[in-house]
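Heads up, the thing below is written out as structure tokens.
The values are calculated or read from the model by the stated rules, or taken from the named source; none is laboratory data. Here the structure is a predicted model, which means the values were calculated and not measured. Note that each Cβ is placed from the backbone with ideal geometry, even for glycine, and that neighbours are counted across all protein chains shown. Each accessible area value is taken on the protein alone, full model and side chains, heavy atoms only, with ligands, DNA and RNA left out. Shrake-Rupley method; radii C 1.70, N 1.55, O 1.52, S 1.80 Å.
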Amino acid sequence: MVEDEYLIAMELKGWLQEAGIEVLGPVPSVDQALDLIDNHRLDAAVLDINLGDGSSSYLVADRLEVLKVPYLFATGEPHSAKAGGYNDPPWLEKPCSKTDLLRTLGDLIAA
């Protein structure tokens, strides 16, 4: 999970853990996310697009695509995904509900 807002990150992580999902992170930066990807086998990822330091998680999405790891964007700016040229991954507009997150992530992993 890549999320730079601590409270949002903890809420999303809690929802995922309650559903029995092992969560790596959350991490707030591209470099930390790339380290996680390089050092762990991932089944899926949840990415915030705009990170607090002015960077975006697009480099992370690119790496995940190369590795064929499914991901979704959870963002306060849903048009950022399409503006960045990412038309295929699902996205959730924050604040999202627990139900929407778990359903979208489950669908993503099942596909």
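For the reader, a short list of remarks on this structure follows.
- Relative contact order %, the chain, counting alpha carbon pairs below 8 Å whose residues are six or more apart: 23 percent
- Label-point separation in nm, Tyr6 to Asp43, each point 7 Å along Cα→Cβ: 3.0 nm
- Mean projected area of the convex hull spanned by the Cα atoms of the chain, taken over all viewing directions: 6.1 nm².
- Whole-percent carbon and sulfur share, accessible surface of the chain, 1.4 Å: 51 percent
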